[in-house]
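Read through the structure below, which is laid out as structure tokens, and then see the notes.
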Amino acid sequence: MRYVSHLNCTTCGTNYPADHLMGLCPVDGRRVQIVLDCERLEKERGRDGWWHPDRNDLWRFGGLLPLDFTDAEDRRHIVTLGEGSTPCVPYAYPLAERLGCSLEVKDEGKPYTGYGANPTLSFKDRGMAMTVSIAKAFGLTRLAIPTQGNAGDSLAEYALAAGIQVAVVMSPDTDLPILGRVAALARLHPEQITLDLVDGTIIECAQRVREHYVPRGYFSVATFQEPGWRAEGKKTLGLEMAEPAGDRLASRRWSVPDVIVYPTGGGTGVVGMAKAFDELESLGLIGPSRPRMVSVQSAATTPLVRAFEAGEPDITPLPPGKTIATGLNVARNVGHGDVLRIIRDSGGCALAVTDEMILETIRTEWRDRRFAWSPEGAATLAALPELADRRMIKPGDRVVLVNTASAEKSMPTIRDALGGGI
Ligand SMILES: [Zn+2]
């Protein structure tokens, strides 16, 4: 952890030592982030000498991550299953063509030749690879996670690879391909994997983690409870969107998109991507302008949308609703205030789409383009017409939508939209 300078509470600003194992800030109960010494990184490695584009996983960002594979000590802790380094796939979409903007899908849900691939077919693998690797560096042997689904099977896979015990706490309503996978791993490796089913959503599951597992020596890696580990993994989404590619490759020119449309549950990705761009700017690789960050939520559960529209600094939690986009069914999270600040500062917005819009998008896009969207990913595409109406997308813009997982993981709920299967 050569370039980790210290930990910092993003709300009260209190700093903590880099080697301090902690959860939320003890002063105000808010989230803590890892602060990297970018000045030292630049002095020792050059502006982008830490970047290893020949490596097809997220560890390609070397010294700009808390664990650097080029450092012998860090390398011992890194647990990798080939995660990240996914492509931004050009997406031919009539509305984007009419608007004259380029539309790309950051596709986290399936492997593409010549790229990395997320082993459990979701973006959660980025955060979990980093979390398990840092946990290993700290000598932790037991982790617990409350989850809406994808983070659970992801953590189980990485914990197995690392020889760490985990408790996965999820609702019995979790999409069956995910729940079944964790159940199978728990049966195959009962000494390592525990599956605990709790009625409700991630909020009730988080309570179970706090009350049952933490007192038994498990370290909670709930969203933002760990000191910035998951966000450091998700940060690589932003780094990959900005890294030199295509006609920018020869000149090694970094460049951020104009708009990022992100399906937002807890919001680790928003926080991680914003941190990526801040660090790239401090290294002099990009300027001060930022992508307009758009958080898309399910109309069933809209904490960010309501707070954004009311101009509030933080969310006011209401009970969650019901939605097929289970990853978006997060009624409150300790990081939501930061997500609001980031989307406002970027000139972006938060908006909601209905399950009907999501299903119609999945149906149409599979029929016309044979692209299998996850419900959460489809929410971003379903939001485009309203974003165009709001002039959030303009001619010439590079717009990136994030398809967070594979369609197969939600198969029971979307199979009719896919015409029975894929
Ligand atoms: Zn604090």
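Among the residues of segment 219-231, is there at least one that is under 29 Å from HIS6 (Cα atoms), small (Gly, Ala, Ser) and out of contact with any strand residue (DSSP E or B) (no Cβ under 6 Å at 6 or more places or on another chain)?
yes
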| field | In segment 273-296, residue farthest from the chain's Cα centre (by Cα) [restricted to those that are in contact (Cβ under 8 Å) with a residue 60 or more places away in the chain and farther than 17 Å from LEU103 by Cα] | value | GLY284
| note | For ALA72, the lone unmet condition from (1) within 16 Å of the ligand (Cβ to nearest atom); (2) more than 24 Å from the chain's Cα centre (by Cα) is (1)
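Can you tell me which residue among ALA96, ALA159, ALA135, ALA167 is more than 18 Å from ARG55 (Cα to Cα), more than 19 Å from the chain's Cα centre (by Cα) and buried (at least 24 other Cβ atoms within 10 Å of the Cβ)? Show your work before the answer.
Working: ALA96 fails: buried (at least 24 other Cβ atoms within 10 Å of the Cβ); ALA159 fails: more than 19 Å from the chain's Cα centre (by Cα); ALA135 fails: more than 19 Å from the chain's Cα centre (by Cα).
Exactly one residue qualifies, and that residue is ALA167.
Quick one: would you say THR86 is under 20 Å from GLU157 (Cα atoms) and of a type in the set (S, T, N, Q)? Write out each step before concluding.
On the way: under 20 Å from GLU157 (Cα atoms): yes; of a type in the set (S, T, N, Q): yes.
Answer is yes for this residue.
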| request: Go through segment 274-289 and count every residue that is in contact with a strand residue (DSSP E or B) (Cβ under 9 Å, 6 or more places away or on another chain) and more than 15 Å from TYR3 (Cβ to Cβ). | output: 1
| request: Considering each of GLY396, GLY377, GLY419 in turn, give the residue that is among the small types (Gly, Ala, Ser), farther than 25 Å from PRO111 by Cα and touching a residue at least 40 places away in the same chain (Cβ under 8 Å). | output: GLY396
| Scope segment 1-53; condition over 20 Å from ARG230 (Cβ atoms), more than 16 Å from the ligand (Cβ to nearest atom), part of a loop (DSSP other than H, G, I, E, B) and without any contact (Cβ under 8 Å) to a residue 24 or more places away in the chain; matching residues | GLY46, GLY49, TRP50, HIS52
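The numbers here are math on the coordinates, done by the rules we state, and not lab data. Everything quoted here is computed from the prediction, not taken from an experiment. Neighbour counts are summed over all protein chains in view; Cβ atoms, including those assigned to glycine, are modelled from backbone coordinates with ideal geometry.
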